[in-house]
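Participant: Below you'll find the structure I mean.
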Amino acid sequence: MAVVKVSLLDALHEHFGFDSFKGNQEIIIKSILSGKDTFVIMPTGGGKSLCYQLPALISPGCALIVSPLIALMKNQVDLVRSYSSKDNVAHFLNSTLSKAQIKKVRTDLLSGKTKLLYVAPETLTKQENLDFFRDLEISFIAVDEAHCISEWGHDFRPEYRRLKEMIEQINAGLPIIALTATATPKVQSDIVKNLGLRDPQIYISSFNRPNLYYEIRPKRKKDQTIREIVKFIHQHKGKSGIIYTLNRKTTEELADMLMANNIRAVAYHAGLDANTRAQRQDMFLLEEVEVIVATIAFGMGIDKPDVRFVIHYNIPKSLENYYQETGRAGRDGLEGICLCFYSHKDVQKLEHLMRDKPLSEREMGAQLINETVAYAESSVCRRKVILHYFGEKLDRENCGNCDNCRNPKEKIEVKNRVVIV
Ligand code: ADP
Ligand code: MG
């Protein structure tokens, strides 16, 4: 055992330059190396990537990493390459590559130099790719952002549902490691079932983010809310923050209002073309703007460690979304302020968005909204409620770092339940 430990630490140091493992990383890596199916539930920023990158680098063959976003893939590959002196140690294969680039990737794969190959689920729907992978030495399959497989998750992607059958076509015996920051029990069981994980080793880390301060504010008139936001940002001059809104139009409006108030801000949503989105994301990462006003299209996989505040201009559609979105604050462990404006009108807007969906989906949506409403209206420690949602218990009575702990208030009735008829 001791020998393994020393060599894993050596490998960590050699490949990433880190001196110690974070949280469960080491035990997870051992689980993969022993060929077991492994399920990793770790909050954003916990260090999930390393859990598959390190074993991939030290195992014979190449690991296939399934990742949902093409934009993220390049970022990840660049990161792995930055640790290594060899560019061909990691590649990605998706629809953005030219024929010549695909050929180069395949040549590197066949030569055995490539240890990590990032693929989109779409890549695995192509028979020629599956045939190619079948003849390749593959060390294991990693399914990143595995919650995309579940409709109960915050980012369902139907193509993820077909992963199991596609993996079986490559080689049914390959070990699978699934990773997610989503900890709700429903999503977890969906992942295990849909990926067909065989007696998986499951590693769940704590979801508590002690450095995040949670506050809910009643949302009044638009002008007043914007004044509150402007005041807040001026009090945090020069700090980076994200403002989430429900729709695209509001991102633009709000960004304009902020700029009119001498705050460098930019809007971000899925209606912008890919170039503009990439450009605006970079402006935020490089701190050319202080604030990015965005729909939920922004954020997955963004690794900006010093986001100091996340403001929800509208209440999100689930507590899971709220956790993920606020989770982008304070990834470096320092201050992270999470403000959420709450009004019943916004709850109605969320309901309205579901109006054309089938009944089962509306019921599911209503349940998620009700949980968020209960959270917003609760007088209980916010952290306690969030952790309870993830099946975890706060180790003390009060966290002391949320509005309800700092300013205890009278219990108010939860009255705004969404009822589907
Ligand atoms: P996740 O995918 O869980 O959100 P990442 O894999 O992006 O998290 O890792 C978050 C950050 O933690 C990255 O900047 C990464 O370099 C850093 N990190 C991961 N493992 C370690 C470690 N053992 N020591 C120091 N930093 C680490
Ligand atoms: Mg990740």
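Participant: Hey, among Arg328, Arg355, which residue is among the basic types (Lys, Arg), at pLDDT 90 or above and within 16 Å of ligand 2 (Cβ to nearest atom)?
Facilitator: One residue alone meets the criteria, Arg328.
Participant: Oh, and also: Taking segment 356-377 on its own, how many of its residues are assigned to a loop (DSSP other than H, G, I, E, B) and crowded, with 17+ Cβ neighbours inside 10 Å?
Facilitator: Here the count works out to 0.
Participant: Taking the condition touching a Lys or Arg at 6+ places or on another chain (Cβ under 8 Å) and not basic (Lys, Arg), does Asp332 pass?
Facilitator: No, not satisfied.
Participant: If you don't mind, another one. Kindly establish whether Ile41 is more than 22 Å from Pro121 (Cα to Cα), within 14 Å of ligand 1 (Cβ to nearest atom) and either among the β-branched types (Val, Ile, Thr) or at pLDDT 85 or above (or both).
Facilitator: No: the conditions fail for Ile41.
Participant: Quick one: count up the residues across segment 159-187 that are part of a helix (DSSP H, G or I) and either within 16 Å of ligand 1 (Cβ to nearest atom) or touching a helix residue (DSSP H, G or I) at 6+ places or on another chain (Cβ under 9 Å) (or both).
Facilitator: 12
Participant: Starting from segment 275-303, keep only residues that are of a type in the set (Ser, Thr, Tyr), then list their pairs with residues that are more than 16 Å from ligand 1 (Cβ to nearest atom) and not in a helix (DSSP H, G or I) whose Cβ atoms are within a distance under 6 Å, requiring at least 6 positions of separation or different chains.
Facilitator: Thr295/His269
Participant: Something else: One residue is enough: does segment 275-284 have a residue meeting the conditions of a type in the set (Ser, Thr, Tyr), farther than 24 Å from His236 by Cα and in a loop (DSSP other than H, G, I, E, B)?
Facilitator: No; the residues of segment 275-284 include none that is of a type in the set (Ser, Thr, Tyr), farther than 24 Å from His236 by Cα and in a loop (DSSP other than H, G, I, E, B).
Participant: From the residues in segment 181-239 that are of a type in the set (S, T, N, Q) and within 30 Å of His344 (Cα to Cα), which one is nearest to the chain's Cα centre (by Cα)?
Facilitator: The qualifying residue nearest to the chain's Cα centre (by Cα) is Thr182.
Participant: Got a number for residues in segment 237-263 being assigned to a loop (DSSP other than H, G, I, E, B), surrounded by fewer than 16 Cβ atoms within 10 Å (Cβ to Cβ) and at negative phi?
Facilitator: Qualifying residue count, segment 237-263: 3.
Participant: Now a separate question. Looking at segment 12-112, what helices (runs of 4 or more DSSP H) fall wholly within it and have at least 3 residues that are farther than 25 Å from Ala278 by Cβ and within 15 Å of ligand 2 (Cβ to nearest atom)?
Facilitator: The qualifying helices (runs of 4 or more DSSP H) are 48-58.
Participant: For segment 307-333, how many residues are outside any helix (DSSP H, G or I) and either more than 16 Å from ligand 1 (Cβ to nearest atom) or in contact with a Ser or Thr (Cβ under 6 Å, 6 or more places away or on another chain) (or both)?
Facilitator: The total comes to 13.
Participant: Within segment 232-264, track down each residue that is among the hydroxyl-bearing types (Ser, Thr, Tyr) and closer than 23 Å to Asp303 by Cβ.
Facilitator: Ser240, Tyr244, Thr245, Thr251
Participant: Evaluate the following for Lys249: is it of a type in the set (Lys, Arg), modelled with pLDDT of 95 or more and over 22 Å from Arg308 (Cα atoms)?
Facilitator: The answer is yes for Lys249.
Participant: Same structure, new question: Output the residue which, of all residues in segment 54-76 that are under 29 Å from Leu387 (Cα atoms) and touching a helix residue (DSSP H, G or I) at 6+ places or on another chain (Cβ under 8 Å), is surrounded by the most Cβ atoms within 10 Å (Cβ to Cβ).
Facilitator: Here the residue is Val66.
Participant: Working only within segment 80-103, note down all residues that are surrounded by 13 or more Cβ atoms within 10 Å (Cβ to Cβ) and either in contact (Cβ under 8 Å) with a residue 12 or more places away in the chain or in contact with a Pro (Cβ under 7 Å, 6 or more places away or on another chain) (or both).
Facilitator: Hits for segment 80-103 are Val80, Tyr83, Ser84, Asn88, Val89, Ala90, His91, Phe92, Leu93, Asn94, Thr96.
Participant: Which pairs have Cβ atoms under 6 Å, sit 6 or more apart or on different chains, and link a residue in segment 136-165 that is modelled with pLDDT under 85 to one that is away from ligand 2 (no atom under 16 Å from the Cβ) and among the polar types (S, T, N, Q)?
Facilitator: Between residues of segment 136-165 that are modelled with pLDDT under 85 and residues that are away from ligand 2 (no atom under 16 Å from the Cβ) and among the polar types (S, T, N, Q), the close pairs are His154/Asn321.
Participant: Mind checking whether some residue in segment 162-181 is surrounded by fewer than 20 Cβ atoms within 10 Å (Cβ to Cβ) and more than 28 Å from Gln127 (Cα to Cα)?
Facilitator: No, segment 162-181 has no match at all.
Participant: Filter segment 28-38 down to residues that are away from ligand 1 (no atom under 13 Å from the Cβ) and touching a residue at least 12 places away in the same chain (Cβ under 8 Å) and give me whichever is surrounded by the fewest Cβ atoms within 10 Å (Cβ to Cβ).
Facilitator: The qualifying residue surrounded by the fewest Cβ atoms within 10 Å (Cβ to Cβ) is Gly35.
The values are calculated or read from the model by the stated rules, or taken from the named source; none is laboratory data. As the structure is a prediction and not an experimental result, all values here were calculated from the model. A quick note on method: Cβ atoms are made from the backbone with ideal geometry, for glycine too, and the neighbour counts reach across all protein chains shown.
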